[in-house]
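The values are calculated or read from the model by the stated rules, or taken from the named source; none is laboratory data. Remember, it's a predicted structure, so these values are computed and weren't measured experimentally. A quick note on method: Cβ atoms are made from the backbone with ideal geometry, for glycine too, and the neighbour counts reach across all protein chains shown.
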Amino acid sequence: MRKVLFTFFAIFLSVVVSAAYFMVDDLGRLVPFEGEVNRVISAAPAVSDYIKFLGLEEKVLGVTDWDINIDAEKIGNLVPLNLEKIVSLNPDVVFLTGGFQEPEISRLERYNIKSFVINPVSFNDIYREIVLIGSILGEREKAQAISNELRQSVLSIAKSSFTWKNKPTVLYLMVQNNVSEIWTAGTGSYINELIAYAGGLNLAAPYTGNNGFLPVGPEFVVAQNPDIIIVDSYYEGDETAKNALLNAKQFENVKAVKEGKIVIVDGNKMHQPSPSLLDVLEQLYEYFGENR
């Protein structure tokens, strides 16, 4: 009898263990999951972009007030998270991004709420995150196929632009009204990859900073004298950054400014390494091709 009971509990335990699994997030945390994940809170627009790309929006219970990717109940700001609201939704997991959202992990843990952090910084990371998130949401094979399809789309553009004999020189500039405060993207940034894949020569490539981003002054832009400048826009008709460059006396002799070759991209897509970056890549590939 004792042997029979032992055998029964051994089988029972193996079933329980097999139903649970662990995933490693981008902070190196081993996060346990038990069974299906159907109740999700996406606490960052970048994560929502992945979930939407996978076609799994129906699993999302809540998103932040800043989210434009998924139509779900609003939970407030990215930081600090509204824990009362999150607890009331009883999620299986809360997806976060690295960096400024990392302190939210310990706050969620106080209420026994599981969190999972993604922190992509390159195109290869984007492909991996698609599979990672898709696997957590129970669609690993679908996610793998979508990830491979995205990779092939990017590779196709990169192969085509690689054959160009004359490539335009390019600078990506994050600027608002004050041109004395400018950020750009050099080696180590996904934007440096983006420019290269699209067929441009990033003049900031010899430089780097935190995740490849660094501050520069107007004199840097003048000295580099790019053929094309990339700037951001956050809503339809927004030309704030472009006008700041056009109206800055320091830049009147910069080639891109003189010739009006300032291309505006969607800042919501440009500022998050996620699947929607493909839209920006296609836009820049076409623009660079027409202006080389």
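Does region 27-35 include one or more residues that are in the same structural domain as residue 134 (by TED's automatic domain parsing) and modelled with pLDDT under 95? Yes, region 27-35 contains a residue that is in the same structural domain as residue 134 (by TED's automatic domain parsing) and modelled with pLDDT under 95. Listed conditions (1) modelled with pLDDT under 95; (2) out of contact with any strand residue (DSSP E or B) (no Cβ under 6 Å at 6 or more places or on another chain); (3) under 19 Å from residue 141 (Cα atoms) are all met by residue 21, apart from (2).
As for region 131-146, it holds no residue that is within 17 Å of the chain's Cα centre (by Cα), of a type in the set (S, T, N, Q) and either in the same structural domain as residue 20 (by TED's automatic domain parsing) or at positive phi (or both).
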